[in-house]
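In what follows, a single structure is set out as structure tokens and then discussed.
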Amino acid sequence: MANAALTQAPAATGPRTSLRRTIGNRRTLGNSALTVLAVSLTLLAMFPLFSVLYMLIVRGGALLSPSLFTELTPGAGMEGGGIGNAVVGTLVVVAISTCLALPLGFLGAVYLAEYGGDRKLATLVRFAAKVLTGLPSILAGVFAYATVVVTTGSFSALAGGCAMAILMIPTVMLTSESALLAVPSKMKMAAFGMGATRAQTVLRIVIPTAIPGILTGVMLALARAMGETAPLLFTALFSDYWFEGKLTQPIASLSVLIYNFAGSPFEHQVSLAWAASLVLVSIVLILNVTAQFATRRPEEQ
Amino acid sequence: MNSQELSAPMTSEMPDSGRDSAAQIAAAVGDAPVVMDCRIKTLHYGDFLAVRDTDIPIVSNEITAFIGPSGCGKSTVLRSLNRMNDFVNGFRFEGSVHYRGQDIYAPEIDPVAVRRSIGMVFQQPNPFAMSIYKNVAFGLKLNNFKGNFDERVEAALRGAALWDEVKDKLSSSGLSLSGGQQQRLCIARAIAVEPELLLMDEPCSALDPIATRRVEDLMLELKEKYTIAIVTHNLQQAQRVADRTAFLFVDTSAGGRTGYLIEYRPSAELFEDPREERTKAYIRGEFS
Ligand SMILES: Nc1ncnc2c1ncn2[C@@H]1O[C@H](COP(=O)(O)OP(=O)(O)OP(=O)(O)O)[C@@H](O)[C@H]1O
Ligand SMILES: [Mg+2]
């Protein structure tokens, strides 16, 4: 009796069971084990990425200098030179493809998210876009070759931009659609409730709210397109000269430069390929980081 | 009180006859000017009969409160008064809602125009992902307002008892506010355009007693110029502010959950001397 009274007394004031963390406890052990597993697998997954970056910096960093960006690609067996024409070329081709893919992909997404719903056309477009995201990039090149290069009669920056745009459109469209759909419907209802038309609601509420998500989609598509080589081989080809503002002529690009020089018997060209790889990765990285900062909402700052 | 618990025994015991007749509703209005005459015969969401037989006249320059247990269709009725239910798939409406003599469900009516003159504050706070200032100015821009924006925005924020809290951060996002502040922002946004009729769905459910009182004061002030219909779970609030009160209940007898009007009367009469049994039980339950 006395014992029972003693064991019950603290229960009224203190907690029933101990709340202290115990190391040997099965629950605690399981928890730690899962954390360790998740962290180590993540590190394993990051390993290839960091080893690639490491190699790029070690092998490509050696040639980094201002002249790398201001000089033309050297011919076979020659020393010196840079990759200036390829950097400019890549930016030009990507600009062309963005100009083509952004309006088409974005407006397509607005249709899908705001007007299409479950309509047959919308379902079809969505299905086609999903299939196109998996399109082997070489097919985009072949398509642009058949439609642009053959009809205009020459390899050109424009053809390269078209090939890239085909790769970008589905990504831009699908990611923008999900960004638009992620806008809470209660915000739309608030706008409708104020007497906004559908167009006003889409233009003033839905699109501005979805901009960060849309830009993320565009950046993803850009990053992918920028590294593509195959579609450019059939379309933009390459050029050892500076871009002179003519979109109808072949143009240099970093990815094709890497493709051409990496297998070259001349050591200097191989190191230029490394440098070009480092520059390409850096451009993609810089674009991504800028987009992240540019699209950050005020309340997250 | 848990109103759902209450509803089960009551509906099975009592016949449908315990509700106001058309004549009683007409008598409750008397010769007061009705700005909106809501006559719902049936209101469906798909196959689901959500509300039936609900006639609620809304008198000009008054506050009309809708009370009743959760799920009885108060929000549904309120939303049908500015055609917000049009956005629900499968929504069907039989009956009429006459606003200043025009049936807003008539085919020639533009629902957008209806919503321009009938404002709404929703049950859930729903500010836009833009600055506090722009939130309030949104409706003004929609209506091509030509006057002084700053003045109107300040007046609206003061009216919603929010000005002092946000006057130094008008450019920060409306989403950065607390839940109760967001709700007051939505009230400010709705009153900035000075709608002739303002529908408010539980506008004070996320507010503390002080902010609640200030919103109530605002409603009393607004009714000098405008008309207000408000849904509330707070019976004291209905007693404090509402000139007339409509009590809705839910009929579960046929296996469905159909809301309908039980009693519509001046608030003082309804709360002090309820006519219908269900009204008595609901009010008693709430106070016990
Ligand atoms: N969009 C909708 N689609 C289908 N059914 C709905 C929809 N909105 C409401 N309902 C149904 O209509 C009935 C009435 O809902 P309503 O939201 O009007 O209730 P309420 O009286 O406002 O309740 P509360 O006091 O909890 O807000 C409920 O049974 C609900 O499930
Ligand atoms: Mg409700």
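Going by the conditions given, is A:ALA146 free of Cβ contacts under 8 Å to residues at least 40 places away in the same chain and more than 30 Å from B:VAL112 (Cα to Cα)? Step through it out loud before you land on a result.
Working: free of Cβ contacts under 8 Å to residues at least 40 places away in the same chain: yes; more than 30 Å from B:VAL112 (Cα to Cα): yes.
Considered against the rule, which asks whether it is free of Cβ contacts under 8 Å to residues at least 40 places away in the same chain and more than 30 Å from B:VAL112 (Cα to Cα), A:ALA146 comes out as yes.
Go through the stretch B:236-267 and give me each residue that's free of Cβ contacts under 8 Å to residues at least 12 places away in the same chain, in a loop (DSSP other than H, G, I, E, B) and at negative phi.
Hit for the stretch B:236-267 is B:ALA254, nothing else.
Selection of the stretch A:156-200 for residues being within 14 Å of chain B (Cβ to nearest Cβ) and of a type outside the set (A, V, I, L, M) yields A:PRO184, A:SER185, A:LYS186, A:LYS188, A:PHE192, A:GLY193, A:GLY195, A:THR197, A:ARG198, A:GLN200.
Pick out the one residue from A:GLY217, A:GLY227 that is more than 14 Å from chain B (Cβ to nearest Cβ), surrounded by fewer than 20 Cβ atoms within 10 Å (Cβ to Cβ) and not polar (S, T, N, Q).
Details: A:GLY217 fails: surrounded by fewer than 20 Cβ atoms within 10 Å (Cβ to Cβ).
Step by step, each of A:GLY217, A:GLY227 is checked, and only A:GLY227 is more than 14 Å from chain B (Cβ to nearest Cβ), surrounded by fewer than 20 Cβ atoms within 10 Å (Cβ to Cβ) and not polar (S, T, N, Q).
Scanning the stretch B:166-205 for residues that are over 26 Å from B:GLY147 (Cα atoms) and away from chain A (no Cβ under 14 Å), which turns out surrounded by the most Cβ atoms within 10 Å (Cβ to Cβ)? Step by step, filter the stretch B:166-205, then rank; the result is B:CYS204. In the stretch B:209-230, the count of residues that are at pLDDT 90 or above and either within 14 Å of another protein chain (Cβ to nearest Cβ) or within 16 Å of ligand 2 (Cβ to nearest atom) (or both) is one or more. Of the listed requirements (1) more than 22 Å from B:CYS204 (Cα to Cα); (2) facing chain A (nearest Cβ under 9 Å); (3) surrounded by fewer than 20 Cβ atoms within 10 Å (Cβ to Cβ), B:ASP150 misses just one: (2).
Here's the yes/no breakdown for (1) charged (D, E, K, R); (2) touching a strand residue (DSSP E or B) at 6+ places or on another chain (Cβ under 7 Å); (3) buried (at least 16 other Cβ atoms within 10 Å of the Cβ):
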site	(1), (2), (3)
B:VAL241	no, yes, yes
B:ASP273	yes, no, no
B:GLU276	yes, yes, yes
B:ALA281	no, no, yes
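Residues that are more than 14 Å from chain A (Cβ to nearest Cβ) and exposed (fewer than 15 other Cβ atoms within 10 Å of the Cβ) were ranked within the stretch B:85-95; the one that is nearest to ligand 2 (Cβ to nearest atom) is B:ARG92.
Counting only helices (runs of 4 or more DSSP H) that sit wholly inside the stretch A:13-119, those with at least 3 residues that are free of Cβ contacts under 8 Å to residues at least 24 places away in the same chain and of a type in the set (Val, Ile, Thr) are A:26-55. Within the stretch B:129-161, being over 21 Å from the mean Cα position of the chain (by Cα), among the hydrophobic types (A, V, I, L, M, F, W, C) and assigned to a loop (DSSP other than H, G, I, E, B) holds for B:ALA129, B:MET130, B:PHE145.
Kindly indicate whether B:SER80 is within 16 Å of ligand 2 (Cβ to nearest atom), within 28 Å of B:ARG240 (Cα to Cα) and surrounded by 19 or more Cβ atoms within 10 Å (Cβ to Cβ).
yes
The single residue among B:ARG92, B:ARG79 that is in a strand (DSSP E or B) and either within 12 Å of ligand 1 (Cβ to nearest atom) or at pLDDT 95 or above (or both) turns out to be B:ARG92.
When A:ILE211 is tested against (1) more than 30 Å from B:ASP201 (Cα to Cα); (2) within 14 Å of chain B (Cβ to nearest Cβ); (3) not in a helix (DSSP H, G or I), exactly one condition is not met: (3). Checked across the stretch A:129-137, the condition of being within 26 Å of the chain's Cα centre (by Cα) and closer than 30 Å to A:GLU244 by Cβ holds for at least one residue.
So which residues in the stretch B:193-233 are more than 13 Å from the chain's Cα centre (by Cα) and among the polar types (S, T, N, Q), if there are any at all? The answer is B:THR212, and nothing else.
Among the residues of the stretch B:98-106, not a single one is more than 14 Å from chain A (Cβ to nearest Cβ), surrounded by fewer than 15 Cβ atoms within 10 Å (Cβ to Cβ), more than 24 Å from the chain's Cα centre (by Cα) and on the phi < 0 side of the Ramachandran plot.
Within the option set B:GLY119, B:GLY68, being within 16 Å of the chain's Cα centre (by Cα), within 16 Å of ligand 1 (Cβ to nearest atom) and within 22 Å of B:MET219 (Cβ to Cβ) holds for one residue only, B:GLY68. Please pick out the residue among B:ASP217, B:ASP168 that is more than 16 Å from ligand 1 (Cβ to nearest atom) and either in contact with a Phe, Trp or Tyr (Cβ under 6 Å, 6 or more places away or on another chain) or part of a loop (DSSP other than H, G, I, E, B) (or both). Just a single option satisfies the conditions, and that option is B:ASP168.
How many of the residues in the stretch B:57-75 are within 16 Å of ligand 2 (Cβ to nearest atom) and touching a helix residue (DSSP H, G or I) at 6+ places or on another chain (Cβ under 7 Å)?
The first filter runs over the stretch B:57-75 and keeps only residues within 16 Å of ligand 2 (Cβ to nearest atom), leaving B:64-75.
Going one step further and asking which of them are touching a helix residue (DSSP H, G or I) at 6+ places or on another chain (Cβ under 7 Å), we end up with B:65-70.
Number satisfying all stated conditions: 6.
Do we have B:ASN82 as within 10 Å of chain A (Cβ to nearest Cβ) and either of a type in the set (Val, Ile, Thr) or in contact with a Phe, Trp or Tyr (Cβ under 6 Å, 6 or more places away or on another chain) (or both) here? Criteria not met by B:ASN82.
Please tell me if A:MET173 is among the hydrophobic types (A, V, I, L, M, F, W, C), in the same structural domain as A:THR235 (by TED's automatic domain parsing), surrounded by 23 or more Cβ atoms within 10 Å (Cβ to Cβ) and in a helix (DSSP H, G or I). The answer is yes for A:MET173. Residue pairs whose Cβ atoms lie under 9 Å apart, separated by 6 or more positions or on different chains, with the first residue in the stretch B:115-128 and without any contact (Cβ under 8 Å) to a residue 60 or more places away in the chain and the second surrounded by fewer than 22 Cβ atoms within 10 Å (Cβ to Cβ) and among the basic types (Lys, Arg), are B:GLN124/A:LYS186; B:PHE128/A:ARG204; B:PHE128/B:LYS134.
The values are calculated or read from the model by the stated rules, or taken from the named source; none is laboratory data. Note that the structure is a prediction, hence the values are computed from the model and not measured. Every residue, glycine as well, gets a Cβ built from its backbone with ideal geometry; the counts of neighbours run over all protein chains shown.
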